[in-house]
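Written out below as structure tokens is the structure these notes cover.
The values are calculated or read from the model by the stated rules, or taken from the named source; none is laboratory data. In this text, all values refer to a predicted model and were calculated from it rather than measured experimentally. So basically every Cβ, Gly included, is an ideal-geometry build from the backbone, and we count neighbours across all protein chains shown.
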Amino acid sequence: MDSLLNLMMETELAQETIYLIGSLRLNGVREFAEELRGQGYDVFDDWHAAGPEADDIWQQYEQHRGRSYIEALKGYHAKHVFELDYRHLNRATIGILMLPGGKSAHLELGYMIGQRKRGYILLDKEPERFDVMYQFATGIFETKEALFAELKQPGQMRTI
């Protein structure tokens, strides 16, 4: 057990860790994570294992129990899922938001940027509606190749 723990610690210190942020419903997450691993990064995308309907099923379960949204957030399931993500958001050195992503995805990227970590956005298409606040990101990219090139450079934090 100690050797496994040591190996995990060495891996975390030797590589930058990317928290890949996206939607449970986004099919390309796992493939993109593999591409990042191929570039030599430690990538956390385990949240995607829950499947595309995880949030819907959780909501149905809580509503069946008669719980409101606020009550459900205080439940064991919500606390455990949050703690898993929170631990890995803190452990990661880089965040990449792969669009499209919802409210949680944007909150996760904002949290990482607020922790003074590099935070990138990978667009899936030209936005239908422009938003100036994406300027908080360390970088915004239209292609994976351009993002890969940026990741090889030291990140430049924005000064606001």
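Could you list, in sequence order, all residues of segment 57-76 that are surrounded by fewer than 13 Cβ atoms within 10 Å (Cβ to Cβ) and not acidic (Asp, Glu)? Selection gives 57, 60, 63, 64, 65, 66, 68, 69, 70, 74, 76. Screening 97, 36, 89, 109 for residues that are under 26 Å from residue 150 (Cβ atoms) and either hydroxyl-bearing (Ser, Thr, Tyr) or not in a helix (DSSP H, G or I) (or both) leaves exactly one candidate, 97. Across segment 44-86, the number of residues qualifying as outside any helix (DSSP H, G or I) and over 16 Å from the mean Cα position of the chain (by Cα) comes to 7. Going by the conditions given, is residue 108 among the acidic types (Asp, Glu), at pLDDT 95 or above and within 22 Å of residue 138 (Cα to Cα)? So residue 108 passes the test. One residue stands out among those in segment 111-138 that are among the small types (Gly, Ala, Ser) and within 20 Å of residue 43 (Cβ to Cβ): the one that is surrounded by the most Cβ atoms within 10 Å (Cβ to Cβ), which is 119.
On the stretch given as segment 67-99, residues that are among the polar types (S, T, N, Q) and within 30 Å of residue 123 (Cβ to Cβ) total 2.
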